[in-house]
1. Just to make sure I understand: if all protein chains stay in place, what is the order of E103, E72 by accessible area at 1.4 Å, largest first?
2. Quick check: with the 1.4 Å probe, what order do E149, E192, E157 take by accessible area, largest first?
3. Quick check: pseudo-label points 7 Å beyond the Cα along Cα→Cβ at S209 and E156, how many nm apart are they?
4. For the residue pair S191 and E16, what label-to-label distance in nm results when each label sits 7 Å from Cα along the Cα-to-beta-carbon direction?
5. For A177, what charge total do you get from the other residues with a beta carbon under 10 Å from its beta carbon, if Lys and Arg give +1 and Asp and Glu give -1?
6. R188 accessible area, nearest 10 Å², 1.4 Å probe?
Amino acid sequence: KNIYTLLAVLDLSTREAFDAVKILGLVLDQGYPVRVGVALAPRTRDLAYLDDAAAVPQPQPPQELLKPETIEGLFGALKTARGPRTSFAFLRRLADGLDDDDEVPRYEDALEAFAALASAKKSVHPDERKHPDLDLSSKKAAKELLANESMLEAIEEFLRTSATFAESKNVASNCFALNGRVRQGLARLQSEILPMLGEEQQHMADLVSRGQISDRTKSIYGKAIASSGTPL
């Protein structure tokens with residue numbers, strides 16, 4: 001049973017977010033009993049200016065920056081059609097494909113990664129039965145999925161929820177939390193995650209000794225949140 005929940009709130013218009021995805025992937029690869037989750041925060045800037053060196057980035061309202069035809073939209077489509085593991089694999093693929101001088105992935109590269117993962121047979125997820133009209137038999141079909149009316153509605157609902165999550169939880173973009181204990185910023189994720197796991201292990205041991213957690217506990221995360229009084 002995973003006794004830790006590591007949640008990252010990411011702004012995908014920043015390189016910092018994709019660097020954090022790499023670290024989260026390494027935590028999973030090393031076999032820690034951690035459930036990793038990603039929540040998308042509203043973009044802090046419009047990335048269109050990256051294609052025009054003379055342009056100046058203009059801040060825009062969150063609802064204008066989270067649209068279906070963005071990396072966030074592709075993430076939402078994968079999460080809907082294939083589930084959270086595949087949508088996280090999508091972010092990992094994008095993060096691993098960045099060179100040192102890249103700022104963020106290009107949408108065209110993200111679309112290719114989306115199509116490959118959506119059409120992969122091994123990535124079939126039980127949630128797919130909720131959308132029996134979806135055709136994910138090929139990369140071409142997966143791309144056409146983005147024009148599917150029911151899928152567009154699902155993506156837009158996902159993005160509406162994403163746009164308000166950070167504000168509703170009173171946390172900033174690009175932060176992370178372990179069992180609800182929030183750390184602002186991602187720069188120290190790599191150096192802080194192991195000490196935080198050690199602290200949380202002591203916290204879990206205390207809950208067990210007080211009888212608040214047992215083998216019959218359905219949600220260890222819920223107990224951890226209730227005992228710490230933290231927002232995530």
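1. So, going from the largest accessible area down, we get E103, E72.
2. Largest accessible area first, the residues go E149, E157, E192.
3. Computed distance between label sites S209 and E156 equals 5.4 nm.
4. 1.5 nm
5. So the environment of A177 carries a net charge of +3.
6. 150 Å²
The values are calculated or read from the model by the stated rules, or taken from the named source; none is laboratory data. All values reported here derive from a predicted model rather than from experimental measurement. Ideal geometry is used to build each Cβ from the backbone, glycine not excepted, and the neighbour counts take in all protein chains shown. With ligands, DNA and RNA removed, areas are computed over all heavy atoms of the protein, side chains included. Shrake-Rupley method; radii C 1.70, N 1.55, O 1.52, S 1.80 Å.
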